[in-house]
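**Q** Handing you this structure, nothing more for now.
Only the coordinates and a few stated rules stand behind these numbers; no lab work does. None of these values were measured; they are calculated from a predicted model. Here the Cβ is made from the backbone with ideal geometry for all residues, glycine too, and neighbour counts use every protein chain on show.
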Amino acid sequence: MSQSPILITGGAQRLGRHCAERLLDDGHPVIVTYRREREALTALRERGAITLPADFSSVAGIEAFIARLAETTSSLRAIVHNASEWLADPEPAAAGEVFERLFRVHMQAPYLINLHARELLEACQEPQRDIVHITDSVVRRGAAGQAAYAATKAGLESLTRSFAAQFAPRIQVNAIAPGLVMLNDDRVVDQRVPGPGVIYQTLRYLLDNDYVTGTVLPVDGGEHLG
């Protein structure tokens, strides 16, 4: 159990919230970022989580969060880059704006946070320090109609390998590529949907294993084999 907190971006809902709750269950201090106030944040705060507002859709928003993080903690045990935005490809007139927004959320924010938070990770007194990028299984197969989303998630996987090489041996950098693990309330599919616990199990494996770096772990029920 670490006394340095674990940062989870986009930790107010769905997968990020589940991982934050499970880490709290395991006794880890947690910092979560959120874009807008949600009821779930109250429950996280009552359990001791620190919650920080963050807007990763602009450079100014990313830099403001980095400054806020440095004021909040003097060290980090791990960073889990879970913040994500799913946008379908729009009409050509709006395509540039959508791509730029996804690029900032999926690539530029993790890139800048990793660079600026490196000292916070290295200040952790634990023997292991981690960065985990949450990407998407769609990277391996592409996605008609979601080209910008898939491309920026692919860029995040590339950052995984580059940062793993750059930050070795003191910081491990890996990625998890989920398939369909959770449903929206209005979606029905004819396949197994295991729930967010399988992603937490994978995150826990990475946080507990000090001999893995530069990897992308697919958690998609074997979909990547097709």
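**Q** Count the net charge of all other residues whose Cβ sits under 10 Å from the Cβ of R35, scoring Lys and Arg as +1 and Asp and Glu as -1.
**A** Residues close to R35 contribute a combined charge of -1.
**Q** What list of ³J(HN,Hα) values in whole Hz, one per residue of the range 130-136 in order, does the Karplus curve 6.51 cos²θ - 1.76 cosθ + 1.60 (θ = phi - 60°) give from phi, with Gly and Pro shown as x?
**A** 9, 10, 10, 9, 9, 9, 6
**Q** Continuing with the same structure: What are the ³J(HN,Hα) couplings of the range 111-121, residue after residue, when phi is run through the Karplus curve with 6.51, -1.76, 1.60 and θ = phi - 60°? Round to Hz, x for glycine and proline.
**A** 4, 6, 4, 4, 5, 6, 8, 4, 5, 5, 5
**Q** Would you please put 84-90, 203-209, 29-35 in order of how densely packed they are, using the mean number of other Cβ atoms within 10 angstrom per residue and starting with the highest?
**A** Averaged packing, sorted descending, gives the order 29-35, 203-209, 84-90.
**Q** Given the options H81, H18, H106, state which has the largest fluctuation in a GNM of the chain using a 10 Å cut-off (strictly under) for Cα springs.
**A** Judging by the Gaussian network model, the answer is H18.
**Q** While we're on this one: Can you tell me the equivalent ellipsoid semi-axes for the range 6-225? Use √(5λ) from the Cα gyration tensor, largest first, whole Å.
**A** 25, 20, 19
**Q** Could you tell me how far the Cα centroid of the range 21-51 sits from the Cα centroid of the range 131-164, in Å?
**A** Here the two parts' Cα centres lie 26 Å apart.
**Q** If you don't mind, there's one more thing I want to ask. For the range 1-95, compute the orientation-averaged projected area of the C-alpha convex hull (one quarter of its surface), in nm².
**A** Computing the convex hull of the Cα atoms and averaging its projections yields 6.9 nm².
**Q** Helix-derived [θ] at 222 nm for the chain: sum -39500 (n - 2.57) over DSSP H runs of at least 4, divide by residue count, nearest 500?
**A** Using -39500 (n - 2.57) per qualifying helix, the result is -13500 deg cm²/dmol.
**Q** Okay, moving on. Counting other beta carbons within 10 Å of each Cβ, put M107, M182 in order, fewest first.
**A** Ascending number of Cβ neighbours within 10 Å: M182, M107.
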